[in-house]
Amino acid sequence: MSVDSVDHPEAVQGPGEREALTAEAAVRTFAVAPGVSLNVRSGPGTEYGIVRVLPEGSRVAIFCQAPGTTVTGPYGTTKIWDNIDNGQYVSDAYVHTGSDGYVASRCAL
């Protein structure tokens with residue numbers, strides 16, 4: 001076998017990276033704005049109740065996105081709300097997705 005052969009998928013990843021081998025591990029997460037404790041609401045808007053608060057340094061998975069109340073935050077002004085769990089939404093203005101638009105499918109509300 002030559003030195004350039006690859007026996008394990010993770011060997012072709014960059015430093016510090018490994019290929020996800022399970023569906024759970026393959027979920028992409030996004031960082032919440034630095035220094036922010038973020039309110040998680042029961043729906044896509046500020047009129048919905050707060051169900052919990054994410055601590056500083058949190059990362060979230062976005063399962064779908066929905067239009068809602070306009071919010072201004074560290075990452076701009078947006079009407080996009082990110083569904084991070086069943087019945088749990090955060091404003092996309094506080095999540096670093098690298099985009100001003102939708103990065104996930106629209107939620108069925």
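Amide H contacts of ALA104 (H built 1.01 Å from N, in plane; Pro and chain starts excluded): no residue 5 or more places away or on another chain comes under 5 Å.
At a probe radius of 1.4 angstrom, the accessible area of the range 68-109 per residue rounds to 52 square angstrom. Extension gain, ILE50 to SER37, is 3.4 nm, computed as 0.36 nm per intervening residue step minus the present C-alpha separation.
The values are calculated or read from the model by the stated rules, or taken from the named source; none is laboratory data. On a predicted model such as this, the values are computed, not experimentally measured, just so you know. The protein model used for the area step is the full one, side chains on, heavy atoms only, and it has no ligands, DNA or RNA in it. Shrake-Rupley method; radii C 1.70, N 1.55, O 1.52, S 1.80 Å.
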